[in-house]
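K.L.:
Below is a structure I'd like to ask you about.
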């Protein structure tokens, strides 16, 4: 501590990089005349210099590689997860609808047991059945080997497609 | 100013997935962040883990980084938050805003807990390093951020989430203590 509180505060202000030009002139003038304040100032400046000169430490060799490996990890986007769930549900219901004749009757009964949605379902059914007739001329036929093979191939294709989505990486390196 | 512009270009490249840009940021900030964390928690392995997590978190959320702000302040904020989380989880004491003296603090002493091989990796503790150990962790952070990293009070306030006036008071007190320890 110095005897001159006012200049001690100015010294702190100087180290805070907040001293004005006029204050600095006043401080330097005082320091040239007061050994106590001069010693106080020099010791603080010396401590500051030692802090600045402190050695920077580096982590282990291989640190960069560890960071890059962590950010390269596969991450499945949210939309891919949703698409997979919906796709799988579609495949299962498609197979059930095609392969189990009773499911079609059950499906129709459940739908038509609620009169409020009959109209909406009828519209969807009309669009769906029209599309089905165009896309699959054999949609109304009973189970046959061709239909079975097409269904299996379609299902395998869907699983491969969604499997590809899972393997998509979040980060692509442009090296 | 030119350096900051260059850094912004590097960040933009990193967002695009350029590995060289990531390495450039790593090489630029790795020693500073690691030293900062190490001087706060005083344990080489834990400091390394926190530094790694800092960069991983930083790079993974780089897209959301507001480029009108300073990258350096942002990454120091992440490092500080992870350090605090670590100390909280490991139930180590971290003096934040109270006025308990530093000698009441439990500071992990790597000399007694780490194997000899880790000594080689640690920096030789100089007089100022020993004096820094006598400071509370929060004061050490303030001193390093202000004097070594040349952060402004405003930036330190953002990183540590402490009012600027508190930072100034603590820094003044820490300076006097360091001076006494170094000269005494």
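The values are calculated or read from the model by the stated rules, or taken from the named source; none is laboratory data. A quick note: this is a predicted structure, and the numbers were derived from the prediction, not measured. In this analysis, Cβ positions are derived from the backbone assuming ideal geometry, glycine residues included, and neighbour counts consider all displayed protein chains.
K.L.:
With the condition kept exactly as written, say whether any residue in the stretch B:121-139 is over 15 Å from residue A:54 (Cβ atoms) and modelled with pLDDT under 50.
P.N.:
The answer is yes; a qualifying residue exists.
K.L.:
If you don't mind, there's one more thing I want to ask. So how many residues does the stretch A:35-75 have that are facing chain B (nearest Cβ under 7 Å) and part of a helix (DSSP H, G or I)?
P.N.:
Qualifying residue count, the stretch A:35-75: 14.
K.L.:
Same structure, new question: What number of residues within the stretch A:11-26 satisfy the criterion of being closer than 28 Å to residue B:140 by Cα and either in a helix (DSSP H, G or I) or over 45 Å from the mean Cα position of the chain (by Cα) (or both)?
P.N.:
Selection size over the stretch A:11-26: 8.
K.L.:
Which count do you get for residues in the stretch B:10-32 that are more than 9 Å from chain A (Cβ to nearest Cβ), within 26 Å of residue B:85 (Cβ to Cβ) and under 22 Å from the mean Cα position of the chain (by Cα)?
P.N.:
Residues flagged as more than 9 Å from chain A (Cβ to nearest Cβ), within 26 Å of residue B:85 (Cβ to Cβ) and under 22 Å from the mean Cα position of the chain (by Cα) within the stretch B:10-32 amount to 4.
K.L.:
Of all residues in the stretch B:150-165, which are touching a helix residue (DSSP H, G or I) at 6+ places or on another chain (Cβ under 8 Å) and facing another protein chain (nearest Cβ under 10 Å)?
P.N.:
Of everything in the stretch B:150-165, just one residue is touching a helix residue (DSSP H, G or I) at 6+ places or on another chain (Cβ under 8 Å) and facing another protein chain (nearest Cβ under 10 Å), namely B:153.
K.L.:
Based on this model, can you work out whether residue A:5 counts as more than 28 Å from residue B:148 (Cα to Cα), at pLDDT below 90 and loosely packed, with under 15 Cβ neighbours inside 10 Å?
P.N.:
Taking the combined requirement at face value, the residue does not satisfy it.
K.L.:
Filter the stretch B:129-139 down to the residues that are surrounded by fewer than 21 Cβ atoms within 10 Å (Cβ to Cβ) and more than 8 Å from every other protein chain (Cβ to nearest Cβ) and list them by number.
P.N.:
Matches in the stretch B:129-139: B:130, B:133, B:134.
K.L.:
Among the residues of the stretch B:42-74, what is the count of those that are assigned to a helix (DSSP H, G or I), surrounded by 22 or more Cβ atoms within 10 Å (Cβ to Cβ) and more than 9 Å from every other protein chain (Cβ to nearest Cβ)?
P.N.:
3
K.L.:
Among B:146, B:86, which is within 17 Å of the chain's Cα centre (by Cα), surrounded by fewer than 21 Cβ atoms within 10 Å (Cβ to Cβ) and modelled with pLDDT of 90 or more?
P.N.:
Exactly one residue qualifies, and that residue is B:86.
K.L.:
Of everything in the stretch B:166-179 that's more than 9 Å from every other protein chain (Cβ to nearest Cβ) and farther than 24 Å from residue B:82 by Cα, which residue is surrounded by the fewest Cβ atoms within 10 Å (Cβ to Cβ)?
P.N.:
Of everything passing the filter in the stretch B:166-179, B:169 is surrounded by the fewest Cβ atoms within 10 Å (Cβ to Cβ).
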